[in-house]
Amino acid sequence: MEKELELLFTQATKKINAATTISEITTLQLEYLGKKSTLNDLLKKMKDISHAERLTVGKWANEVKVILMELCQTKRSELETAKIMALLEQEKIDLTLPGYNLVLATKHPLNQVIAEISQLFQELGYDIVFGTEVEDDEYNFQRLNLPIGHPARDMQDTFYLTKNILLRTHCTNMTARAISEMKSKDEIVAMISTGNTYRRDDDDATHSHQFMQVDGFLIAPQISFANLKWTIQYFCQRMFGNDTKIRLRPSFFPFTEPSVEVDVTCVNCQGTGCSICKQTGWIEIMGAGLINPLVYEACGQASDLTGFAFGIGIERIAMLKYGIDDIRRFYTNDVRFLAQFKKFD
Ligand code: DAH
């Protein structure tokens, strides 16, 4: 029996040492040490041998069992470590590889100008709205004192979608909407509306059938032209620098009375005269005025409200601010052009 035990021990040791996978170890463990193992079969035969032999064989058998068990465990953990090491090797990450060069986008120059203007007016307490681009004739024209058939409509060649629905020709439509919603005569409303506007214009270096505006107004008791003038002066200095002067010229807009066209000292020559300001030293940047009482009436309010309004072309401001020569550059998504505005973002 001792011989059998010895044979079993050498055979098992050899096989366990030669195992290359964990499942092989499991099988060998069952084969040599499990319930139905060769070792157990041997132990069952113990009852047939002499007492003296049983003592030595029993001790031996136990030792064989312990040694084989330990051997299995060592081999198993060896194989497990090898498996993990192989996996690690396979999934190795080379941290020295250079990363992808992410190209970060820039805010579009027109959006930068809108953000700057919005920020400025927000500081003065104005609300910011964006509004409807597809508008009713009523809010785009009629409630702004531009009744059907009014000749001033011709200034804003229009895209009509149906007889009464059109693409808004200016952001002033939101002024009509806000005034129409006023609940009381003493209400103070200050609002900036920005976004796209559309006119059936020919596209050239300074015109586009789609462009952006900022339109603003303030209604409060006892507002006078002086308040409008201060606001325009403040706005122009913030946008173009502290030395900027303004000049107001009488003009006409159906929704304001009196109306003015606002000029600023040329951003290029500071007023001495150059090709950009056509040697005049001044550049026209916006329309403004005191809100026409007929607008209050058309919006269902008392005609003795007081307030002022103004409208600014965003592209024009951006062109002057950044020295851009052609309005079409804003719309063609040329990254070489757009990337230049990173420094202002
Ligand atoms: N809506 C005018 C335009 O698009 C600009 C304008 C002028 C707006 C005077 C105003 C204003 O609110 O008071 O040409």
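Computed quantities for the displayed model
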{"quantity": "Selected residue [among the small types (Gly, Ala, Ser) and at pLDDT 90 or above] from SER50, SER77, SER37", "calculated": "SER77"}
{"quantity": "When residues of the range 155-181 are limited to those that are within 9 Å of the ligand (Cβ to nearest atom) and hydrophobic (A, V, I, L, M, F, W, C), the one modelled with the highest pLDDT", "calculated": "CYS171"}
{"quantity": "The lone exception for ALA61 - which of (1) at pLDDT 90 or above; (2) of a type in the set (Gly, Ala, Ser); (3) surrounded by 13 or more Cβ atoms within 10 Å (Cβ to Cβ) it fails", "calculated": "(1)"}
{"quantity": "Filtered residue count, the range 289-316, keeping only those that are more than 13 Å from the ligand (Cβ to nearest atom) and closer than 22 Å to ASN196 by Cβ", "calculated": "0"}
{"quantity": "Residue among VAL113, VAL134, VAL129 that is open to solvent by 60 Å² or more (accessible area, probe 1.4 Å) and assigned by TED's automatic domain parsing to the domain that holds ILE219", "calculated": "VAL134"}
{"quantity": "Single condition LYS83 does not satisfy, out of (1) more than 24 Å from TYR32 (Cα to Cα); (2) surrounded by fewer than 12 Cβ atoms within 10 Å (Cβ to Cβ)", "calculated": "(2)"}
{"quantity": "The range 250-283: number of residues that are open to solvent by 40 Å² or more (accessible area, probe 1.4 Å) and over 20 Å from PHE217 (Cβ atoms)", "calculated": "10"}
{"quantity": "Residue in the range 186-203 that is farther than 21 Å from MET286 by Cβ and in contact with a Leu (Cβ under 7 Å, 6 or more places away or on another chain) present", "calculated": "no"}
{"quantity": "Members of the range 70-80 that are under 15 Å from ALA12 (Cα atoms) and open to solvent by less than 70 Å² (accessible area, probe 1.4 Å)", "calculated": "LEU71, CYS72, LYS75, ARG76"}
{"quantity": "The one condition in (1) within 27 Å of LYS15 (Cβ to Cβ); (2) among the small types (Gly, Ala, Ser); (3) outside any helix (DSSP H, G or I) that GLY58 fails to fulfil", "calculated": "(3)"}
{"quantity": "Single unsatisfied condition, THR169 versus (1) open to solvent by less than 50 Å² (accessible area, probe 1.4 Å); (2) farther than 23 Å from ILE148 by Cα", "calculated": "(2)"}
{"quantity": "Extreme residue, modelled with the lowest pLDDT, among residues of the range 276-333 that are among the aromatic types (Phe, Trp, Tyr) and not in a loop (DSSP other than H, G, I, E, B)", "calculated": "TYR322"}
{"quantity": "Tally of residues being open to solvent by 60 Å² or more (accessible area, probe 1.4 Å) and among the charged types (D, E, K, R) across the range 310-335", "calculated": "5"}
{"quantity": "Cβ-Cβ under 8 Å pairs, at least 6 apart or on other chains, the range 9-23 side in contact (Cβ under 8 Å) with a residue 60 or more places away in the chain, far side open to solvent by 90 Å² or more (accessible area, probe 1.4 Å)", "calculated": "ILE22/LYS83"}
{"quantity": "Near pairs, Cβ below 7 angstrom, 6+ apart or cross-chain, from the range 211-238 (assigned to a loop (DSSP other than H, G, I, E, B) and away from the ligand (no atom under 13 Å from the Cβ)) to any residue that is open to solvent by 10 Å² or more (accessible area, probe 1.4 Å) and of a type in the set (A, V, I, L, M)", "calculated": "ALA220/ILE188"}
{"quantity": "Among residues of the range 37-48, those that are exposed (fewer than 13 other Cβ atoms within 10 Å of the Cβ) and more than 17 Å from GLN11 (Cβ to Cβ), counted", "calculated": "4"}
{"quantity": "Filtered residue count, the range 317-330, keeping only those that are under 18 Å from ASP203 (Cα atoms) and away from the ligand (no atom under 16 Å from the Cβ)", "calculated": "8"}
{"quantity": "Single residue of ASP215, ASP263 found to be touching a Cys at 6+ places or on another chain (Cβ under 6 Å) and either over 15 Å from GLU284 (Cα atoms) or modelled with pLDDT of 95 or more (or both)", "calculated": "ASP215"}
{"quantity": "Number of the condition not met by TYR160 [criteria: (1) surrounded by 19 or more Cβ atoms within 10 Å (Cβ to Cβ); (2) over 31 Å from the mean Cα position of the chain (by Cα); (3) not basic (Lys, Arg)]", "calculated": "(1)"}
{"quantity": "Counted residues, the range 2-48 - those being in a loop (DSSP other than H, G, I, E, B) and either among the charged types (D, E, K, R) or outside the structural domain of GLU78 (by TED's automatic domain parsing) (or both)", "calculated": "2"}
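The values are calculated or read from the model by the stated rules, or taken from the named source; none is laboratory data. Quick caveat, the model's predicted, so the values are computed rather than measured. A quick note on method: Cβ atoms are made from the backbone with ideal geometry, for glycine too, and the neighbour counts reach across all protein chains shown. These area figures cover heavy atoms from the full protein model, side chains too; ligands, DNA and RNA do not enter into them. Shrake-Rupley method; radii C 1.70, N 1.55, O 1.52, S 1.80 Å.
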